[in-house]
Amino acid sequence: MSFNCPHCNKEGVSYFSKLLSYSGSPATCRICGKFSCDAGGVNESYRKIAPLSLIVLGTSSLLTQSLFYISIWLGFALLFPAYSLYVLKLEKLSGDEVKKQRGKKLIALGGLVLLACLAVLYESFR
Ligand SMILES: [Zn+2]
């Protein structure tokens, strides 16, 4: 199952690449090789709120011993990707934009590594 690529208008974007695409990790077209991602950043917001909601709703359902909260979560977890796949269209993403996003990711990763090194240094000099 494939979706139409916004660049060449052929079915070059696979089901999973569309589902997993966001600006930091776009889908690549099999036919023209250009990048695209889900419009509106829905996948990105899902990625941000999904772990938190799972924890909050999971804890609430454990505490109340009811499946109510977990079924909200399940509905939400199923509806979100379905909405993103079938309602939203793919948005064009240029190679430059992708590079910019990757650069941001590298900076964030570098910061984390630096923090880890500092923590190790701090521990060994204490
Ligand atoms: Zn294409």
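Every number in this text was worked out from the coordinates using simple rules, so none of it is lab data. Since the structure is predicted, the reported quantities are computational estimates derived from the model, not experimental observations. Neighbour counts run over all protein chains shown; Cβ positions are idealised from the backbone, glycine included.
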Inset, instruction - Any chance you could check the Cα centroid distance between segment 106-126 and segment 12-73 for me, in angstrom? - result: 30
Legend entry - DSSP bridge orientation in the chain - percent antiparallel, rounded to nearest 5: 100
Inset, instruction - Determine the shape class of the chain: with a ≥ b ≥ c the square roots of the Cα gyration tensor eigenvalues, call it rounded for a/c under 1.5, and otherwise prolate if a/b is greater than b/c, oblate otherwise. - result: oblate
Inset, instruction - Distance from a point 7 Å along Cα→Cβ of residue 70 to each backbone N in segment 47-62: keep the residues under 11 Å and list them by number. - result: 58-59, 61-62
Inset, instruction - Mind checking segment 83-112 for trypsin sites (Lys or Arg not before Pro) that DSSP puts in a loop (not H, G, I, E or B) and that have at most 14 other Cβ atoms within 10 Å? - result: 89
Legend entry - Residue among 13, 42, 56 with the largest mean-square fluctuation in a Gaussian network model of the chain, springs linking Cα atoms under 10 Å: 56
Legend entry - Low-density loop positions, chymotrypsin sites (Phe, Trp or Tyr not before Pro), segment 14-58 - DSSP coil, at most 15 other Cβ in 10 Å: none
